[in-house]
Amino acid sequence: MTETNRIKWVVTSAWPYVNAIPHLGNMVGSVLSADVFARYLRLKGNEVIFVSGSDSHGTPVAVAAKKQNVSAKDLAFKNHKIIKNLFKLWNISYDNYTITHNPTHIKFVQDFYLDIQKNGYIFEKEIESLFCEKDNLYLPDRFVEGICPHCGYENARGDQCDNCQKLLLPSELKNPRCAICDSTPEIRTTKHWYMDFPKLQARLEKLINENKIIPQNARQMLLNSIAEGLPERAITRDLEWGIPAKFKGAENKTIYVWFEAVLGYVSAVKEWAEKIINQPIKFDHFWKDKNTKTVYFIGKDNIIFHLIVFPGLLIAFNDDKSESEKLVLPYNVSSTEFLMYENEKFSKSRGVGIWIDEALELAPLDYWRFNLIYNRPEKSDTSFLWSEFNNNIKTLNDVIGNFIHRTLTFIIKQFEGKIPKKIELDNTDKEFISKISSIGDIVGNALENFELRKALRDTVKFAREGNVYLNDKAPWHLIKEKKEAAGHVFNICAQAVYALAVLFGPFIPDTSKKILDYLNIQKELNDLGWNSIGENSLLAGHTIIKPKPLFQKLDIKEIQEKYIKLKAKEKGKSDVEMISYDDFKKLDIRVALIENVEKVEKAENLLKLTIDLGTEKRTIVAGLAKYYNENELVGKKIIVLTNLEPKKLRGITSHGMLLAADDEKTVSILIPDKDIAPGSKVL
RNA sequence: ACGGGCGUAGUUUAAUCUGGUAAGAAUUAUGGUCUCAUAAGUCAUGGAUUGUGGUUCAAAUCCACACGCCCGUACCA
């Protein structure tokens with residue numbers, strides 16, 4: 001444990017893209033894990049700087065801004081502010097949460113690449129690229145579609161054919177078209193600046209081999225891709241929204257986001273030193289000391305980037321620097337697997353998952369922080385399950401909250417709130433006390449090995465042992481015979497409560513603070529320190545405060561319903577897109593009379609309807625079988641969209657669409673208020 | 001397609017690197033018990049190694065194949 005004492009740490013989490021609010025998966029993998037780790041290191045008395053920021057450049061932001069008719073910069077800053085505020089609400093203890101579009105970062109990146117160029121790691125190359133004149137855009141590979149030269153599949157993308165799986169170059173496609181506007185792009189020659197990774201290969205291999213801390217599974221994959229040969233990578237782009245490249249002749253080029261955002265790990269500390277604490281020297285203090293440990297909390301999709309690309313850049317930069325000017329190479333990368341939502345991938349477009357703003361509307365913060373770390377996907381992908389969430393809240397409440405509450409209320413009621421004295425220890429006492437004195441090391445070791453999940457589970461186990469101890473000693477019996485004997489037990493339990501306050505500090509800081517408040521301890525947690533856990537943390541005679549329950553059980557069904565409503569509201573919001581009257585006029589909506597209804601075989605929800613439109617009869621297929629039976633529909637007058645493209649459903653061609661309302665619980669067909677002739681137009 | 005990883009009670013998981021205890025826990029279920037505490041606590045019982053072959057005295061663990069899921073190659077940040 002002394003090993004980490006007074007060591008300098010730079011703790012970082014992956015940079016969230018400014019275009020989207022992070023979801024729980026993003027949160028647990030990088031931001032929250034890094035926060036727990038940073039809080040622990042501070043508690044152990046280390047020098048810690050914890051940084052990250054919003055990744056603000058790149059095509060998607062530019063495109064979104066254009067759609068909303070604002071500048072990319074305004075949009076980026078607006079979203080950055082929202083994300084930054086959410087992290088604050090999540091109690092993320094960043095020393096600096098910045099944005100890549102800040103002057104310190106921009107200058108740092110520009111100078112950095114000029115340095116690398118000077119050191120001989122950048123070369124220029126002309127390439128042919130497809131350009132869409134209509135969108136005024138060089139098209140990234142996957143934004144080009146066309147016919148696959150191998151299998152003739154019509155919708156092959158410029159990077160790969162989804163049909164035959166073969167890798168493609170955009171120029172190989174027959175009849176290429178722009179995926180955004182469908183027009184035919186032209187081939188243009190453009191020059192780009194490349195990073196010479198092959199030149200770094202040997203040194204990167206050495207770095208990976210010599211670093212014994214990075215996870216075993218990542219190592220294998222990394223060595224593999226190095227052995228395969230690292231590709232040269234273009235670091236510039238023909239894009240306006242980004243950091244202008246300063247290479248000679250690169251006037252209209254920007255640095256590709258991937259190669260610039262990672263440098264934020266460095267520049268964010270620089271910005272912090274210069275602008276937040278006004279001690280510029282602190283930048284060198286952290287980044288240019290070879291004993292500083294830098295740690296990166298990321299998702300598994302980011303491993304290569306953080307252990308090959310990023311250190312590669314640092315090595316190239318350090319090439320001509322003296323020892324005291326070199327930037328320190330990564331100490332470790334803690335990568336998590338993915339969090340799923342009820343066994344599905346999080347997906348914004350399909351509305352699958354929980355986003356960090358929604359979470360806060362559904363349950364108190366510490367319930368989320370606890371739950372996420374408790375199920376942190378360390379070994380394999382794990383799912384967020386409502387049932388698990390419920391279990392974990394119960395654990396929090398029944399095991400931890402209750403142990404603390406029963407201990408403190410007993411002391412209040414029977415001992416006027418004063419911590420009673422210990423008397424003689426028997427074996428049961430000794431056993432529990434030895435647990436109190438070792439729990440700090442057990443949990444601390446797990447954290448230092450980046451096993452956050454184990455650390456939290458060990459803490460819960462400790463609280464459970466507190467309950468067992470209480471049960472074994474049954475002080476509510478002892479008190480009838482000999483008050484001191486009961487007091488003795490509660491002295492020991494109070495030490496355990498104190499231990500829990502400290503142990504929970506990194507995980508659920510609000511709760512930790514509450515416990516300290518009840519214990520009537522005014523000192524800041526960081527001043528108390530991790531090592532203050534022990535059998536005599538609280539002195540006999542110390543007065544505590546009457547506690548309130550720390551947690552309460554939640555009605556998970558109610559929360560789920562709230563979640564569904566939240567999702568429905570969002571969906572409604574995004575669907576409200578204004579259309580012109582001309583657009584509306586294109587729809588031919590009419591009243592129709594249902595003449596016949598049959599159930600469609602092998603389809604649980606489909607009905608085949610024969611309808612009369614006055615001038616003609618038609619067949620349409622509707623997904624109503626769950627809500628209506630055949631008989632109750634015949635003879636009803638309904639509303640039908642008649643000029644929808646015919647579509648084959650289960651072998652039956654549907655010539656139109658029946659209109660119905662759906663609130664996710666019931667589905668109701670629409671019926672004209674008065675008796676009106678079939679074929680009447682709806683306007 | 002290629003490279004890497006993963007697969008253990010209904011559910012969430014430990015033990016896998018380094019083969020060796022009745023595969024350990026939590027939750028769920030069932031039954032008992034205590035009353036300080038929040039219908040909480042505590043105790044007991046039941047329940048699992050994806051499949052098929054192989055190596056071995058011995059396989060959850062090592063090897064091969066199959067199946068399923070994830071990631072990377074693949075510039076989407």
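The values are calculated or read from the model by the stated rules, or taken from the named source; none is laboratory data. Worth saying up front: this structure is predicted, and the values here are computed from it rather than measured. Note that we place each Cβ from the backbone using ideal geometry, even for glycine, and neighbour counts take in every protein chain shown. The area values use the complete protein model at the heavy-atom level, side chains included, leaving out ligands, DNA and RNA. Shrake-Rupley method; radii C 1.70, N 1.55, O 1.52, S 1.80 Å.
When the P(r) of the stretch A:460-599 is calculated, the portion above 25 Å amounts to 57% of the C-alpha pairs.
Under a 5 Å amide H cut-off, with hydrogens placed 1.01 Å from N, A:LYS293 pairs with A:LYS8, A:TRP9, A:VAL10 among residues at least 5 apart or on other chains. Find the percent of Cα-Cα distances in the stretch A:471-525 that exceed 18 Å, and round it to a whole number. Every Cα pair in the stretch A:471-525 considered, those over 18 Å come to 44 percent. Taking a straight Cα-Cα cut-off under 21 Å and skipping sequence neighbours fewer than 8 places away in the same chain, the lysines within cross-link reach of A:LYS585 are A:LYS681. When the inverse distances between all different Cα atoms of the stretch A:255-414 are averaged and flipped, the Kirkwood radius reads 19.6 angstrom. The GluC sites (Glu not before Pro) of the stretch A:244-297 that DSSP puts in a loop, and whose beta carbon has at most 14 other beta carbons within 10 Å, are A:GLU251. Remark: relative contact order (the stretch A:283-381) = 31 percent; criterion is Cα-Cα distance under 8 angstrom and separation of 6 or more residues.
Taking loop as defined by DSSP and a crowding limit of 10 other beta carbons within 10 Å, which trypsin sites (Lys or Arg not before Pro) in the stretch A:489-532 fit?
Here the trypsin sites (Lys or Arg not before Pro) that fit, given the DSSP loop and packing criteria, are A:LYS523.
Please work out the Kirkwood hydrodynamic radius for the stretch A:362-433, using every pair of different C-alpha atoms, and report it in angstroms with one decimal place. It works out to 15.3 Å. Quick one: grab the alpha carbon gyration tensor of the stretch A:319-403, order the square roots of its eigenvalues as a ≥ b ≥ c, and give me rounded if a/c is under 1.5, else prolate or oblate depending on whether a/b is larger than b/c. Cα axes put the stretch A:319-403 in the prolate bin. Taking the Cα centre of chain A as origin and assigning +1 to Lys and Arg Cβ atoms and -1 to Asp and Glu Cβ atoms, the resulting dipole is close to 1220 debye.
Shown for the stretch A:34-132 is the translational diffusion coefficient from the Stokes-Einstein equation, using the Kirkwood radius over Cα pairs, a temperature of 10 °C and a viscosity of 1.306 mPa s: 95 µm²/s.
Is there a quick way to get the dipole size of the stretch A:409-482? I mean about its Cα centre, with the Cβ of Lys and Arg at +1 and of Asp and Glu at -1; what is the value in debye to the nearest 20?
Computed about the Cα centre, the dipole is about 280 debye.
Karplus-derived 3J(HN,Hα) values for the stretch A:224-233, using 6.51 cos²θ - 1.76 cosθ + 1.60 with θ = phi - 60°, are 4, 6, 5, 4, 5, x, 7, x, 6, 10 Hz; glycine and proline are entered as x.
Give me the Debye-computed log₁₀ of I(q)/I(0) at q = 0.12, 0.28, 0.31 Å⁻¹ for the stretch A:58-114, equal point scatterers on Cα only, no solvent, two decimals. Each listed q maps to, in turn, -0.38, -1.05, -1.11. What the phi angles of the stretch A:238-245 give under the Karplus curve with 6.51, -1.76 and 1.60, with θ = phi - 60°, is a coupling list of 8, 9, 7, 8, x, 8, x, 6 Hz, glycine and proline written as x. Considering only Cα-Cα distances, which of the following residue pairs are longer than 18 Å: A:LYS514/A:LYS548; A:LYS84/A:LYS523; A:LYS107/A:LYS275; A:LYS8/A:LYS379; A:LYS288/A:LYS321; A:LYS44/A:LYS270? The answer is A:LYS84/A:LYS523; A:LYS8/A:LYS379; A:LYS44/A:LYS270.
Given the convex hull over the Cα atoms of chain A, what projected area results after averaging over all orientations, in nm²?
39.2
The ellipsoid that matches the Cα gyration tensor of the stretch A:240-337 has semi-axes, each √(5λ) in whole angstrom, of 22, 20, 15, with the longest given first.
Accessible area of chain A with a 1.4 Å probe: how many percent of it is carbon plus sulfur? Carbon-and-sulfur percentage of accessible area, whole number: 49. Take every Cα pair under 8 Å whose residues are at least 6 apart in sequence, average their separation, divide by the length of chain A, and the relative contact order is 12 percent. For the stretch A:319-473, the equivalent ellipsoid derived from the Cα gyration tensor has semi-axes of 37, 26, 14 Å, listed largest first. For the residue pairs A:LYS480/A:LYS553; A:LYS212/A:LYS290; A:LYS300/A:LYS513, alpha carbon separations beyond 22 Å are given by A:LYS480/A:LYS553; A:LYS300/A:LYS513. Between the residues A:ALA499, A:ASN209, A:SER183, the greatest Cα displacement towards the positive end of the dipole of chain A, with unit charges on the Cβ of Lys, Arg, Asp and Glu, is found for A:ALA499.
Residues in chain A average 49 Å² of solvent-accessible surface per residue, probe 1.4 Å, ligands and nucleic acids excluded. Each distinct pair of alpha carbons in the stretch A:237-285 adds a 1/r term; the inverse of their mean, the Kirkwood radius, is 12.3 Å. So if I take the centroid of the Cα atoms in the stretch A:182-205 and the same for the stretch A:356-389, what is the distance between those two points in Å? The distance from the Cα centre of the stretch A:182-205 to that of the stretch A:356-389 comes to 40 Å.
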